[in-house]
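Some notes on the structure that comes next.
Please treat every number below as a calculation from the coordinates, not as lab data. None of the values given here were measured: they were computed from a predicted structure. Here the Cβ positions follow ideal geometry from the backbone for every residue, glycine too, while neighbour counts run over all protein chains shown.
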Amino acid sequence: MTLAVSILPEQQLAALNAAYGRAVARRRLRLLLGAAVFAAALLLAAVGAEVNLRTLFTYFGNFVSYFDRILTLDNGQRVWTDVGEWLWGWRKWLKMLGETLLISYVGTLIGATLAFCLNFFAAENTSPAPWLRFVVRRLLEFARTVPGIVFALIFVIAFGLGPMAGVLAIAIHSTGALGKLFSEIVENADMKPVEGIRSTGASWLACMRFAIVPQVTAGYASYALLRFEINVREASVMGFVGAGGIGQELVVAIRKFYYSDVSAILLTIIITVFIIDIGTGWLRGRLFGREART
Amino acid sequence: MTRPQEVDTAQIRARYPEMFDRPASARLAMPATIVAALAILVYGLVDLDFSPSRFFAGLSQLGWISLMMIPPDPGSSLPVYLKALGETLSIALLGTTLAAVFALPVSLLAARNVIPSQILRFPIRRFLDSIRGVDTLIWALVWINVVGLGPFAGVLAIAVSDFGAFGKLFSEAIEGADQKQVEGIRASGGSPLHEIRFGLLPQVLPVIAGQVLYFIESNTRSATIIGIVGAGGIGLQLAEQIRVLEWQRVSFLILMILVAVAAIDFVSSKLRFAIIGRRAVA
């Protein structure tokens, strides 16, 4: 079977081709320009970050062999040949892991509570006064932008070494992050129930309690669980600055070159993070249906 | 006005039993959860050595520290700090770019519509998951052992940990792409490589570009902290000044970080809008 393909007259085709060429040429030029600017920025950054490809080349072997070393026991065997020897400190590590989980749990709970108290002031539709909204928003922004570990560094000096500093650092950072997310949920809430309750002469507090809170609790819980997941990771490094948790053990093992310990602790951290991820994912699915999981 | 009718409670009860007699398990679930959550909280507070006296002593210390932070003052080391800030931005940019370059081919291997075989995809996905399970700071410590102290270790740390994140995000973007265009290429006789180049990449590149920009933004934050373990950038200066209790310099450095992050946020959101359009971002 033959198909009839209609071909445009020469003149018309040439005009169309020329227009297409021009359009493509402009796009290509813009792309090229963007690529050039990006390349220049990269080059500048490479100089700024003292990138030395020769160092990388000479030492890349070290990176690979580092993993070889951390998977080797002191007696030269592979770690999995003698699991008892590899995980010799499992009691201590499990205890530290438990502490890490507690730090993130308590930190998340305190942070979520503070965020819950503050978010109604930060949301566009429920804030009682514009100046209050401005102040609360800037406060949350500050708590969110300063990294948790910087708070931990300062808190370790104020509250002393130990998990308390870690908990407070995580709590403040979570307040900032959750406060923003919570207030976004409130901004998306339906305002009709609020009008209904206000028309009965209720106070602002009653409006929030009976009109907004029932609409938003599911979203809040979902975000708080997500934050808990993130905080477990964060709590695992709080020990680097002396703020409690498994990070303390890890940093000692890395700095003192206790190779097989490094891999053992990393393994326990990764497994814990996996379990928490899967667990909270399952819980969110259970509580709020499939769409809340994304 | 009509008087409201007498309410026949019994009849309503009979009609809507589930409204009046919820099973005990449903009624008790919420209070039980709250009690359990509070119990864990109390146990945690005790186990983690919280005490009111310690808390308030620390709080007053913190108050003193905040007072000593005012006014922010760089002393004579402003040029050093500016250089450190530049270093931080460089670390973020280079680390993210490196990660994206290496993650793109791997993410193709992890996408369901490119590699249909579950056996092949599974190990790659788990591999990416494990990389993401390890925090950037830990990678920084490892790289410091390998290439020595300095910003280069920071670049590599960010590159490795983002590699895991990008691998997952990119493969999700690829799986979300429209399969019709790929089929069209295949129908006209294209090879598998052609399918990826002309069928998939044009669809996913804008999404990927948006994600990379977003990560450059968030990595500016990560790059400020990896200095704390010695991997260069402004975090190094910050940790040093905190350790020697130079609070005015500390507050100046924190302000510098806030301003830099805000500036990067602004530029990159403008760029993201330009690349993928306002609608796609919101």
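If you sort the three axes of the alpha carbon gyration tensor as a ≥ b ≥ c, you get a/c of 1.5 or more for the stretch B:53-126 and a/b no higher than b/c, which makes it oblate.
Given N residues in the stretch B:80-281, what is Rg(Cα) / (2.2 N^0.38 Å)? It would help to have the intermediate numbers written out before the result.
On the way: Rg = 19.5 Å, N = 202, 2.2 N^0.38 = 16.5 Å.
Rounded to two decimals, the normalised Rg is 1.18.
A crude spin-label estimate for the pair residue A:283 and residue B:10, with each label 7 Å from Cα along the Cβ direction, gives 4.6 nm.
Here the sum of -39500 (n - 2.57) over DSSP H runs of 4 or more residues, divided by the residues of chain A, equals -26000 deg cm²/dmol at 222 nm, to the nearest 500.
Across peptide A:267-276, the average count of Cβ atoms from other chains found within 10 Å of a residue's Cβ is 3.
Among A:173, B:194, which comes first, then next, by fewest other beta-carbon atoms within 10 Å?
Working: A:173 26, B:194 14.
The order, fewest Cβ neighbours first, is B:194, A:173.
Which whole number in µm²/s is D for the protein assembly as shown by Stokes-Einstein, with the Kirkwood Rh taken over Cα pairs at 20 °C and 1.002 mPa s? Walk me through the numbers before you get to the answer.
Values: Rh = 27.2 Å.
For the chosen part, D equals 79 µm²/s.
Comparing B:170, B:230, B:215 along the charge dipole axis of the stretch B:80-281, the residue lying farthest to the positive side is B:170, per the Cβ-charge model.
Computed from the Cα positions only, the extents of chain A along the three principal axes stand at 83, 74, 50 Å, in decreasing order.
Between residue B:187 and residue B:101, what is the FRET efficiency for a Förster distance of 35 Å, r being their Cβ-Cβ separation, to the nearest 0.05? Don't skip to the end; give the middle numbers.
Working: r = 31 Å, r/R0 = 0.90.
Once the sixth-power term is evaluated, E becomes 0.65.
The mean count of C-beta atoms from other chains within 10 Å of the C-beta of residues in B:41-49, rounded to a whole number, is 6.
Would you be so kind as to identify all helices of chain B, as entire DSSP H runs, whose Cα atoms reach 27 Å or more along the helix's own axis and whose mean Kyte-Doolittle hydropathy is at least 0.0? Flagged H segments are B:24-47, B:78-110, B:151-175, B:201-226, B:247-281. Taking the Cα centre of each part, how many Å lie between the stretch A:133-158 and the stretch B:197-247? The distance from the Cα centre of the stretch A:133-158 to that of the stretch B:197-247 comes to 18 Å.
Modelled spin labels at residue A:71 and residue A:202, positioned 7 Å past Cα toward Cβ, are 6.0 nm from each other. Sorting A:209-219, A:61-71 by average packing, meaning the other beta carbons within 10 Å per residue, from highest down gives A:209-219, A:61-71.
In chain A, which whole DSSP H runs stretch at least 18 Å along their own axis (Cα) and average 0.5 or higher on the Kyte-Doolittle scale?
On the way: long enough: A:10-48 (56 Å, 0.87); A:53-70 (25 Å, 0.35); A:90-122 (46 Å, 0.95); A:130-145 (22 Å, 0.16); A:163-187 (35 Å, 1.04); A:213-238 (36 Å, 0.42); A:259-288 (43 Å, 1.31).
Helices passing the filter in chain A: A:10-48, A:90-122, A:163-187, A:259-288.
Ellipticity at 222 nm from helices only: DSSP H runs of n ≥ 4 in chain B, each -39500 (n - 2.57), divided by the residue count, give -26000 deg cm²/dmol.
Hey, with R₀ at 25 Å, roughly what FRET efficiency would residue B:70 and residue A:113 work out to, going by the Cβ-Cβ distance, to 0.05?
Efficiency computed from Cβ-Cβ geometry: 0.30.
Under a plain spin-label model, where a point goes 7 Å from the Cα along Cα-to-Cβ, how far apart in nm are residue B:240 and residue B:179? Roughly 5.7 nm, to one decimal. Straight-line cross-link reach from residue A:180 at under 22 Å between alpha-carbon atoms covers these lysines, not counting any fewer than eight positions away in the same chain: B:270.
Across peptide A:250-259, the mean count of Cβ atoms from other chains lying within 10 Å of each residue's own Cβ comes to 2.
Which order, highest average first, do B:138-144, A:23-29 follow once you tally other Cβ atoms within 10 Å for each residue and take the mean per peptide? Walk me through the intermediate numbers first.
Working: B:138-144: 25.3, A:23-29: 10.0.
Ranked from most to least packed, the peptides come out as B:138-144, A:23-29.
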